[in-house]
1. Where nothing but the Cβ of Lys and Arg (+1) and of Asp and Glu (-1) is charged, how large is the charge dipole of the stretch 51-100 around its Cα centre, in debye to the nearest 20?
2. Taking the Cβ of Ile44 as the centre, find all other residues whose Cβ is under 13 Å away and add up their charges (Lys, Arg: +1; Asp, Glu: -1).
3. How big is the charge dipole of the chain about its Cα centre, in debye rounded to the nearest 20, if each Lys and Arg gets +1 on its Cβ and each Asp and Glu gets -1 on its Cβ?
4. May I ask you to compute the full-extension gain from Ile41 to Lys18, defined as 0.36 nm times their residue separation minus their alpha-carbon distance, rounded to one decimal in nm?
5. Can you sort Arg40, Arg78, Arg16 by how many other beta carbons sit within 10 Å, fewest first?
6. What does the chain give for Rg and for Dmax, in Å, if only its C-alpha atoms count?
7. Lys/Arg Cβ at +1, Asp/Glu Cβ at -1, dipole of the chain taken about the Cα centre: which of Met80, Val91, Gly17 is farthest positive-ward?
8. What FRET efficiency, computed as 1/(1 + (r/R0)^6) with R0 = 30 Å and r the Cβ-Cβ distance, is obtained for Val91 and Ala62, rounded to the nearest 0.05?
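Only the coordinates and a few stated rules stand behind these numbers; no lab work does. Predicted, not measured: the structure shown is a model, and the values here were computed from it. Note that we place each Cβ from the backbone using ideal geometry, even for glycine, and neighbour counts take in every protein chain shown.
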Amino acid sequence: MARAAQPSFKSTPDIRGKAETMKNTLLNFSTILTAYTYIRIFSITGPLSTYLQSKSMDLITAKNLVDGALEHLKKVSRNMEWIKLSAESFVIWAYTELDL
């Protein structure tokens, strides 16, 4: 993956510049933090969404699942340390793996 962004005799300065800009944008800490936040949110709401779209949905179970997801999201919003640590770990990995 990192090899595509590195200069080669086939790439033009314009392509290298665009690749460098894209790489820097993707490795921006706020972008990574946002991505990990969405991953966390979707890990909670994804199963709920699947259940709510099922044909065999039961309203009582649905309400309980919605309430549970809401409580879980509230807990996550009060403790963002896990997401911050995950993002920091990814940045370290990416810079090491991509030789940045």
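1. 360 debye
2. Taking every other residue near Ile44 into account, the sum is +1.
3. So the dipole magnitude of the chain works out to roughly 160 debye.
4. On the way: separation 23, 0.36 × 23 = 8.28 nm, distance 3.08 nm.
Using 0.36 nm per residue and subtracting the Cα-Cα distance, I get 5.2 nm.
5. The most exposed by this proxy come first: Arg78, Arg16, Arg40.
6. 19.8, 63
7. Gly17
8. 0.20
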